[in-house]
1. Filter segment 9-43 down to residues that are basic (Lys, Arg) and surrounded by 17 or more Cβ atoms within 10 Å (Cβ to Cβ), then give me how many there are.
2. Please determine whether any residue of segment 71-81 is among the small types (Gly, Ala, Ser) and either within 30 Å of Val210 (Cβ to Cβ) or part of a loop (DSSP other than H, G, I, E, B) (or both).
3. With the structure loaded, tell me whether Asn253 is in contact with a Phe, Trp or Tyr (Cβ under 7 Å, 6 or more places away or on another chain), within 16 Å of the ligand (Cβ to nearest atom) and touching a residue at least 60 places away in the same chain (Cβ under 8 Å) or whether it fails that test.
4. What do you reckon, is Val210 out of contact with any helix residue (DSSP H, G or I) (no Cβ under 9 Å at 6 or more places or on another chain) and open to solvent by less than 10 Å² (accessible area, probe 1.4 Å)?
5. For residues that are closer than 30 Å to Asp110 by Cβ, outside any loop (DSSP other than H, G, I, E, B) and within 22 Å of the chain's Cα centre (by Cα), tally how many sit in segment 33-70.
6. Since Asp182 meets every condition but one in (1) more than 23 Å from Glu111 (Cβ to Cβ); (2) surrounded by 13 or more Cβ atoms within 10 Å (Cβ to Cβ); (3) of a type in the set (Asp, Glu), which condition does it not meet?
7. Residue by residue through segment 301-316, note down the ones that are touching a residue at least 24 places away in the same chain (Cβ under 8 Å) and surrounded by fewer than 19 Cβ atoms within 10 Å (Cβ to Cβ).
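The values are calculated or read from the model by the stated rules, or taken from the named source; none is laboratory data. Small disclaimer: the values here were computed from a predicted structure and weren't measured. So basically every Cβ, Gly included, is an ideal-geometry build from the backbone, and we count neighbours across all protein chains shown. To get the accessible areas, we keep the full protein, side chains included, count just its heavy atoms, and leave off ligands, DNA and RNA. Shrake-Rupley method; radii C 1.70, N 1.55, O 1.52, S 1.80 Å.
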Amino acid sequence: MTCEYFGKCGSCKLYEMNYEQQLEYKIKREKQRFSNFTDIEFDIIRSEEENFRYRAEFRIWKNFDDGDNPTISYAMTSFEKNTLEIDSCQIVSKQIQELMPVLLEKLQNDEEFRFKLYAIEFLNSTTQDMLVTLIYHKKLGENWIQKAKNLEEELNIKIIGRSRKQKEVLSEDFINEELNIDGENFKFHYKEGGFTQPNTKVNVKMIEWVLKHLEKSDKDLCELYCGGGNFTIPLSKKFNKVLATEISKTSINSALENCKLNSIENIDFIRMSAEEFVEALEEKREFRRLKDVDLKSYNFDTIFVDPPRAGLDDTTRNLVKDYEKIIYISCNPETLHRDLQTLTKTHEIKNFALFDQFSYTEHIESGIVLQKV
Ligand SMILES: C[S@@+](CC[C@H](N)C(=O)[O-])C[C@H]1O[C@@H](n2cnc3c(N)ncnc32)[C@H](O)[C@@H]1O
């Protein structure tokens, strides 16, 4: 991939390497990092080399001519931490890439859209659904709303307007996504503001990798940090019942919706932090949110965790190590390494995968299957 902003835009830090080289560099680094735990072969899951990000956010920059007329552009932060104006991005999906200049021109040509526009977020599905969030430093009035409705129709996209304490959803606040996982079709609503994996095609391969390492079980699955049910829904087919928890209300609501979309009935989703869930399981605290869930009715043998960059906190790490099988998806090898120091005292690493979700950056996603020894 070549991008005219390589070496300038601070987003793609590994700009001096081609796709293969940046992947090789990260594989070598991670094999070295985890060599004290395992010498098994790593499964390597590649990304597409460009147009792989299905969500993106850009700031809006304004230049003024002598007559004080503004011209707006997309902006990123440069390596020197300055504003870098860009007019394209090679890593975002083709549809986002094509929409970017068309949308900018529409916004540029209308004072109502342009004035105090601060940032734009794109959320795109592989099924061509597109949600654009326009973020402002001004109150959005009736005039803006009417114009944005027209723009939605004209560009065949969904628009949300956001400002301080204001959210204007003009049609829908989600996109429709359909993922083909091991030949089976799953439907999802990806909600604005909820977490979604940025590299949708690698995401499918991550789910398939996890499924490959799970036999069909008559026992139950416990999942922490479940988001909108991205893993939960396909994984539920392998278990008798699933209990899945997540801190974000937005994500739990879309998880419930996603369950309905796929006619799945063996999952209980609970909005609860991992830390609170540990307290509930250990009967240290009672939660009204759990009044309809009989925790004792579960017969868990597997736990699936996909925490944020901070990894597992002390109490959650302690809980996880009681399960026969642990599947850990991590977006931060540093905290994964820390957590494995505890988990490998009771469990053995059976499988290890590196998923190149964030190509051309230092980041990489990992997947580990651990079995109790
Ligand atoms: C890396 S995302 C994974 C989400 C989901 N597994 C997916 O694939 O889309 C991590 C999730 O953990 C949630 N989260 C963050 N801190 C949490 C906590 N302390 N307890 C429970 N969930 C938390 C976030 O809201 C986010 O949805």
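1. Number of matching residues: 1.
2. Filtering segment 71-81 for residues among the small types (Gly, Ala, Ser) gives 73, 75, 78.
Filter once more, keeping what is either within 30 Å of Val210 (Cβ to Cβ) or part of a loop (DSSP other than H, G, I, E, B) (or both): none.
No - not one qualifying residue is present in segment 71-81.
3. no
4. no
5. The qualifying residues number 6.
6. (2)
7. Restricting attention to segment 301-316, the residues satisfying the condition of being touching a residue at least 24 places away in the same chain (Cβ under 8 Å) are 301-313, 315-316.
Of everything in segment 301-316, those that are touching a residue at least 24 places away in the same chain (Cβ under 8 Å) and surrounded by fewer than 19 Cβ atoms within 10 Å (Cβ to Cβ) turn out to be Asp301, Pro308, Arg309, Ala310, Asp313, Thr315.
For every residue, the table says whether it meets (1) touching a strand residue (DSSP E or B) at 6+ places or on another chain (Cβ under 8 Å); (2) of a type outside the set (Val, Ile, Thr); (3) not in a helix (DSSP H, G or I).
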site	(1), (2), (3)
Glu286	no, yes, yes
Lys296	no, yes, no
Thr342	no, no, no
Leu370	yes, yes, yes
